[in-house]
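Notes follow the structure.
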Amino acid sequence: MEQRPYLSVVVPAFDEAHRIERSLREIVRYLEQRPFSSEVIVVDDGSRDATAAIVRAFVAAWRSERVSVCLLRNARNFGKGYSVRRGFLNARGEIVLFTDADLSTPIAEAERLLQLLENEGVDVAFGSRGLDRRFILRPQSRLRQWAGRLFNLFVRVLTGLPFKDTQCGFKAYRRASLNPIFQVQRIHGFGFDVEILYLARKRGLRLQETPVLWAHAEGTKVRMVRDAWRMVLDLLRIRMNEWLGRYASLDVEGATTQKASEAPFRSSPPC
């Protein structure tokens with residue numbers, strides 16, 4: 001019987017041909033040095049460039065008994081939240097780490113998150129740019145910084161989440177604890193981070209925010225005008241979904257039953 005990996009790294013990617021190979025090499029180089037087996041799942045979100053072809057070539061050339069790499073392709077561009085969910089539901093590791101393809105947070109910072117999950121017993125450990133500004137190696141523009149603070153204010157008011165930064169693309173989840181949460185996830189865009197944290201906290205799971213090294217990377221997929229209002233609408237959708245009982249399948253212990261029609265991600269070949 002094939003041994004399950006300890007760590008699954010999910011990398012959502014959309015039009016990342018210019019850097020995806022470099023990022024994959026950094027990720028697998030780090031994982032090869034760890035004392036556990038792992039897997040890397042790249043979820044191509046309907047890229048219009050050569051992202052999928054580059055990843056496919058990397059997978060074909062990669063040889064390792066400790067680290068496996070695979071590609072999942074979305075039929076079209078569904079959104080970052082959709083891609084992370086698909087990667088999570090296909091992951092086999094005890095811990096699932098999701099990281100942005102640009103590696104704004106170096107993959108080595110995974111040590112901080114893994115220590116929290118292993119030593120502190122938390123269910124979700126996530127990187128933050130808001131706890132200690134000394135960890136920011138290259139800041140965003142002032143406009144983006146202010147927009148981020150304003151969004152965080154909306155998050156606090158509309159969801160009650162007390163965290164400084166919900167949007168850093170570097171989070172680790174205990175798969176068994178978070179699987180019921182991802183099963184009922186409904187936000188497919190950038191607001192999915194808030195939905196996952198909101199549901200996890202509401203169901204009594206243990207969440208821990210921690211500062212991580214972070215450097216702004218050019219080519220971010222978040223567009224100020226296009227996406228800012230969509231993210232606020234996502235916050236309102238979370239509240240509406242709660243009010244309409246769309247998260248009701250989660251009981252107080254976090255268990256859920258799922259209809260077959262609500263589980264589209266397992267229909268594709270597993271990694």
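Coordinate-derived values only; no laboratory data. Computed from a prediction, not measured in an experiment: that's the story for all the values here. Cβ atoms come from the backbone with ideal geometry, glycine included; neighbour counts cover every protein chain shown.
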From the list (1) 0.96; (2) 1.01; (3) 0.93, can you say which value of Rg/Rh (Cα atoms, Kirkwood Rh) was derived from the structure given? (3)
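Could you give the longest part of the chain that holds none of the GluC sites (Glu not before Pro) found in DSSP loops with at most 11 neighbouring Cβ atoms within 10 Å?
Counting only loop sites that pass the neighbour cut-off, the longest clear stretch is 121-217.
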Decide, for the range 113-187, between rounded, prolate and oblate: order the square roots of the alpha carbon gyration tensor eigenvalues as a ≥ b ≥ c, take rounded if a/c falls under 1.5, and otherwise choose prolate if a/b is larger than b/c, else oblate. oblate
Calculate the FRET efficiency for residue 53 and residue 137 from the Cβ-Cβ distance with a Förster distance of 30 Å, rounded to the nearest 0.05. 0.45
Karplus (6.51, -1.76, 1.60) ³J(HN,Hα), θ = phi - 60°, over the range 153-165, in Hz, Gly and Pro reported as x: 5, 4, 4, 5, 5, 8, 10, x, 5, x, 7, 6, 8
So in the range 7-250, what percent of DSSP beta bridges are antiparallel if you round to the nearest 5? 25 percent
Using amide H atoms built in the peptide plane, which far-off residues or other-chain residues are under 5 Å from residue 43 H to H? 11, 13, 72
Selection from 98, 72, 191 lying farthest towards where the dipole of the chain points positive, charges on Cβ: 191
Most positive-pole-ward Cα, 83, 115, 52, against dipole of the range 7-250 from beta carbon charges: 83
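Using the number of other C-beta atoms within 10 angstrom as an exposure proxy, rank 80, 164 with the fewest first. Working shown, then result.
Numbers: 80 25, 164 17.
Ranked by crowding around the Cβ, least crowded first: 164, 80.
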Selection of chymotrypsin sites (Phe, Trp or Tyr not before Pro), the range 30-126, meeting DSSP coil and at most 15 other Cβ within 10 Å: 36, 62
Determine ³J(HN,Hα), in whole Hz, for all residues of the range 195-202 in sequence, where each value follows from phi through the Karplus function 6.51 cos²θ - 1.76 cosθ + 1.60 and θ = phi - 60°; x replaces Gly and Pro. 4, 4, 5, 4, 5, 5, 5, 4
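Between residue 62 and residue 3, how high is the FRET efficiency from 1/(1 + (r/R0)^6) when r is the Cβ-Cβ distance and R₀ = 25 Å? Nearest 0.05. Intermediate values should be presented prior to the final figure.
Details: r = 18 Å, r/R0 = 0.73.
The pair residue 62/residue 3 has a calculated efficiency of 0.85.
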Pop the C-beta distance of residue 239 and residue 75 into the FRET formula with R0 = 30 Å and round what comes out to the nearest 0.05. 0.50
